[in-house]
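Structure record follows, encoded as structure tokens.
The values are calculated or read from the model by the stated rules, or taken from the named source; none is laboratory data. Just so it is clear, the structure is predicted and the values come from calculations on it, not from any experiment. Here the Cβ positions follow ideal geometry from the backbone for every residue, glycine too, while neighbour counts run over all protein chains shown.
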Amino acid sequence: MNKLKLTMACGRYDRTQPLIDGRVEPEGVDLKFIPLRPGETFWRMLNHEEFDASEMSLSSYTILRSEGDTRFIAIPVFPSRVFRHSAVYLRADSEIAKPQDLKGRRVGVGDYQMTAAVWVRGFLKADYGVNPEDVTWVIGRPVRTIKPPDGIRVEFMSPDTTLEDMLERGEIDALATVMIPKTLGRTVRRLFADPRKVEQDYYRRTGIFPIMHTFVLKTRLYEENPWLAISFYRAFCRARDIAYYWMYDTDALTVSLPWVIDELEATRKIFGPQIWDYSIEGSRPTLDALMNHLDEQKLTRRRMKVEDLFVPNISPFLNEYLRATAEE
């Protein structure tokens with residue numbers, strides 16, 4: 001059959017590289033993969049719908065769906081998952097010693113609705129009693145402007161500076177950012193001195209491995225070709241599995257870290273064999289927690305259910321896929 005010519009924008013990760021170099025091709029698709037950084041991808045897709053499919057901020061996507069905006073439909077693929085306890089920074093000379101000390105402070109975030117900020121506010125409230133209302137949020141340059149929730153103190157950064165510079169000058173007390181500050185270890189330190197220990201404890205207690213991004217198709221395209229969801233899902237799973245296969249190659253290390261094998265084995269002792277889960281049920285604690293955080297933080301118009309987000313035809317295929325891979 002003739003293949004559909006489609007464009008897809010997504011980050012260049014080990015788990016997507018096989019899609020970029022052609023080792024994996026979605027069945028029935030003549031794919032043009034456009035490797036872009038997440039911020040650019042989101043802005044171009046949300047504002048101009050430039051691509052047939054793309055990586056997408058999970059919080060932005062969920063907020064859109066809660067508002068009745070159904071231009072996109074997601075499949076349960078999660079290109080980016082990152083623990084964010086390590087993403088909160090202070091001046092090295094800050095008197096802040098623990099998360100509770102953030103009450104009454106000014107905290108910078110690139111975008112109030114960005115998924116990383118949602119997760120940070122989520123664990124601050126759940127584990128340390130710091131509510132979003134307890135903080136003044138200083139916003140950088142948002143991908144999509146929204147009206148701040150009632151009761152939340154929000155200020156906007158001056159266009160002639162950066163949040164990192166504001167932290168250096170003491171104009172904000174803390175910064176939650178997805179990018180590591182250039183002066184970390186000199187004039188900047190992390191809120192949590194040993195974030196890995198805190199994040200591992202968080203995972204063991206909650207089962208949450210924070211999801212940042214999902215993968216979306218244009219809804220019209222999916223409705224006309226529902227098989228595309230399974231084709232892309234199978235391709236993403238194969239690409240991820242290839243990445244792990246090559247990462248575990250001891251003949252010649254494919255990752256430039258001397259103890260990457262030991263790291264992989266240690267991580268599997270915590271997560272089990274499937275570290276980077278692409279499924280709803282396997283990621284249920286994480287997805288449910290994000291829906292709860294978005295509702296509590298008054299970012300969604302209504303409390304969203306996980307099932308409201310994803311295509312309905314993946315679950316039957318997933319059961320067959322898991323059986324097939326278990327037999328290989």
Which one is farthest from LEU58 (Cα to Cα) among residues in region 94-121 that are at pLDDT 95 or above and among the polar types (S, T, N, Q)? SER94
Scanning for something surrounded by 13 or more Cβ atoms within 10 Å (Cβ to Cβ), more than 20 Å from the chain's Cα centre (by Cα) and outside any loop (DSSP other than H, G, I, E, B), does region 268-278 turn up at least one residue? yes
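Among the candidates LEU124, LEU163, LEU175, which residue alone is crowded, with 19+ Cβ neighbours inside 10 Å, under 19 Å from the mean Cα position of the chain (by Cα), over 27 Å from PRO285 (Cβ atoms) and modelled with pLDDT of 95 or more? I'd like the intermediate steps shown before the answer.
On the way: LEU124 fails: over 27 Å from PRO285 (Cβ atoms); LEU163 fails: under 19 Å from the mean Cα position of the chain (by Cα).
Just one listed residue meets the conditions, LEU175.
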Kindly indicate the residue of region 74-86 that is over 13 Å from MET8 (Cβ atoms) and either out of contact with any helix residue (DSSP H, G or I) (no Cβ under 9 Å at 6 or more places or on another chain) or among the aliphatic types (A, V, I, L, M) (or both) and also surrounded by the fewest Cβ atoms within 10 Å (Cβ to Cβ) among those meeting that condition. VAL82
Out of curiosity, is ASP127 acidic (Asp, Glu) and in contact (Cβ under 8 Å) with a residue 60 or more places away in the chain? yes
Checking ASP241 against (1) within 29 Å of ASP69 (Cα to Cα); (2) touching a residue at least 40 places away in the same chain (Cβ under 8 Å): exactly one of these is not met. Which one? (1)
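Give the residues of region 285-315 that are surrounded by 12 or more Cβ atoms within 10 Å (Cβ to Cβ) and farther than 17 Å from THR115 by Cα, sorted by residue number.
ASP308, PHE310, VAL311, ASN313, ILE314, SER315
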All conditions in (1) at pLDDT 95 or above; (2) out of contact with any strand residue (DSSP E or B) (no Cβ under 6 Å at 6 or more places or on another chain); (3) over 21 Å from VAL82 (Cα atoms) are true of LEU184 except (3)
Checking the structure you have, find out if any residue of region 154-162 is among the small types (Gly, Ala, Ser), touching a strand residue (DSSP E or B) at 6+ places or on another chain (Cβ under 6 Å) and in the same structural domain as LEU124 (by TED's automatic domain parsing). no
Anything in region 64-73 that is out of contact with any helix residue (DSSP H, G or I) (no Cβ under 7 Å at 6 or more places or on another chain) and either surrounded by 21 or more Cβ atoms within 10 Å (Cβ to Cβ) or not hydroxyl-bearing (Ser, Thr, Tyr) (or both)? List them, or say none. LEU64, GLU67, GLY68, ASP69
Among residues of region 213-225, those that are surrounded by fewer than 22 Cβ atoms within 10 Å (Cβ to Cβ), touching a Lys or Arg at 6+ places or on another chain (Cβ under 9 Å) and within 16 Å of ALA9 (Cβ to Cβ), counted: 1
Conditions (1) in a loop (DSSP other than H, G, I, E, B); (2) within 18 Å of ALA97 (Cα to Cα) -> GLU199 fails only (1)
Take the residues in region 1-26 that are of a type in the set (A, V, I, L, M) and under 23 Å from MET212 (Cα atoms); name whichever of them is surrounded by the fewest Cβ atoms within 10 Å (Cβ to Cβ). ILE20
Subset of region 100-120, residues out of contact with any strand residue (DSSP E or B) (no Cβ under 7 Å at 6 or more places or on another chain) and either crowded, with 20+ Cβ neighbours inside 10 Å or small (Gly, Ala, Ser) (or both), comes to GLY104, GLY110, GLN113, VAL118, TRP119
Listed residues SER256, SER231; which is free of Cβ contacts under 8 Å to residues at least 12 places away in the same chain and of a type in the set (S, T, N, Q)? SER256
Those residues that are hydrophobic (A, V, I, L, M, F, W, C), surrounded by fewer than 22 Cβ atoms within 10 Å (Cβ to Cβ) and assigned to a strand (DSSP E or B), I need them from region 32-63; list them, please. PHE33, ILE34
Hey, VAL109 assigned by TED's automatic domain parsing to the domain that holds ARG196 and of a type outside the set (Asp, Glu) or not: yes
